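In what follows, a single structure is set out as structure tokens and then discussed.
The values are calculated or read from the model by the stated rules, or taken from the named source; none is laboratory data. Everything numeric here is computed off the predicted structure, so don't read it as measured data. Backbone-built Cβ (ideal geometry, glycine too); neighbour counts: all protein chains shown. Please note that ligands, DNA and RNA were not included when accessible areas were found on the heavy atoms of the full protein model with its side chains. Shrake-Rupley method; radii C 1.70, N 1.55, O 1.52, S 1.80 Å.
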Amino acid sequence: MASGTIFNIQRYSIHDGCGIRTILFLKGCPLHCPWCSNPESQSSAPEITFAKDKCIGCGYCVKECGTGALALDQGRISLRRDLCSKCGKCTGACYAHALEMAGQTITVEEAFEEIEKDALFYKASKGGVTLSGGEPLMQIDFATALLKKCKENGIDTAIETTGYQKWEDIEKIAPYIDTFLYDIKLFDGEKHRRITGVHNDLILENAAKITAIGKTLVVRVPVIPGVNDDLENLRATVRFAASIRAAGVNLLPYHRLGENKYGLLGRTYALKGLLPPETNKMRELLAELSDVKIPVSIGG
Ligand code: SF4
Ligand code: SF4
């Protein structure tokens, strides 16, 4: 039975698909967008998070660590990530939950058991399960086996994806996906490469192939002030979505909810100080795009 690496299971979500949903967040992503609200998703491997403010200075973690990555000095813990083997022993010793592991291995059966718990809610609300991340398609065997099982049990399925994956993998999982929630972050390929680390050729090509095989695909654009919120970019994206007969476009206003996670991972947030777009600005953009023949909405 295939297993995967996840970093969160969120139940009773009303985002990322219709109705009430369970969202499984899978680790690993081929892009590295500076606004990512789930930085713990980017690496495929489990990672240690350290919340300094929760630490009570008991020192139990230091005794567990066999690599010298942790040290206690005057009641304060320091973590040397270059020495950390990510064994996770310290997290088991930390009763204050200051040290935690982002990432756990889970089998398809275990994941399905979690999903199945809310089957009644899915039925009543036309909800289901959504795979998110990270990029769920990076764990193609696990994702395919899990969504296949969900479909066999009558559960609606969605996947939140960057679309940056070889077509053979997408073709393999597509029969088990009801809705593709498909990110197009920037329409200009060079700018996409500069900011996310990869060109968008494959992403646009796969989007067209997905709708061509009759699957429902909703384009989602994270609207990041000063990065991709210009009308030229948004208009090109919405026109492309209409041209491939996508079901709609969701404009997702930038938010800073993931900012503190960068500190927990010992990283720096590149967009520090950037403010989310104002509601009026989002409404203006929506109005400007209303002439393109495709439903466009804020949020989703
Ligand atoms: S994960 Fe293992 S190696 Fe890393 S700090 Fe904790 S105990 Fe030490
Ligand atoms: S075990 Fe947790 S609370 Fe205790 S010193 Fe280590 S990090 Fe701090």
Considering only region 143-160, state which residues are polar (S, T, N, Q) and part of a strand (DSSP E or B).
-> 157
Are any residues in region 28-61 within 16 Å of ligand 1 (Cβ to nearest atom) and within 11 Å of the chain's Cα centre (by Cα), and if so, which ones?
-> 40
When residues of region 71-89 are limited to those that are more than 15 Å from residue 265 (Cα to Cα) and part of a loop (DSSP other than H, G, I, E, B), the one farthest from ligand 2 (Cβ to nearest atom) = 87
Complete set of residues in region 108-159 that are more than 21 Å from residue 5 (Cα to Cα) and of a type in the set (Val, Ile, Thr) | 155
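Pick out the one residue from 57, 92, 68 that is more than 10 Å from ligand 2 (Cβ to nearest atom) and either in a strand (DSSP E or B) or more than 18 Å from residue 262 (Cα to Cα) (or both).
On the way: 57 fails: more than 10 Å from ligand 2 (Cβ to nearest atom); 92 fails: more than 10 Å from ligand 2 (Cβ to nearest atom).
When all the criteria are applied, what remains is 68.
For region 95-142: of the residues being assigned to a strand (DSSP E or B) and aliphatic (A, V, I, L, M), which is nearest to ligand 2 (Cβ to nearest atom)?
So in region 95-142, the residues assigned to a strand (DSSP E or B) come out as 99-102, 104-107, 128-132.
When the remaining residues are screened for being aliphatic (A, V, I, L, M), the result is 99, 101-102, 106, 129, 131.
Working: 99: 5, 101: 13, 102: 15, 106: 25, 129: 34, 131: 32 Å.
Once the filter is applied, the top-ranked residue is 99.
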Of (1) closer than 23 Å to residue 132 by Cβ; (2) not assigned by TED's automatic domain parsing to the domain that holds residue 177, residue 33 satisfies every one except (2)
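Could you tell me which residue of region 6-16 is modelled with the highest pLDDT, considering only residues that are open to solvent by less than 30 Å² (accessible area, probe 1.4 Å) and more than 12 Å from residue 114 (Cβ to Cβ)?
Within region 6-16, the match that is modelled with the highest pLDDT is 13.
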A careful count of residues in region 30-86 that are closer than 30 Å to residue 227 by Cα and among the polar types (S, T, N, Q) gives 7
Across region 72-116, what is the number of residues that are among the hydrophobic types (A, V, I, L, M, F, W, C) and within 10 Å of ligand 1 (Cβ to nearest atom)?
-> 10
Pairs only if they're at least six apart or on different chains, beta carbon under 6 angstrom, first in region 80-93 and in contact (Cβ under 8 Å) with a residue 60 or more places away in the chain, second more than 6 Å from ligand 1 (Cβ to nearest atom) and open to solvent by 40 Å² or more (accessible area, probe 1.4 Å); list them, first residue then second.
-> 81/266
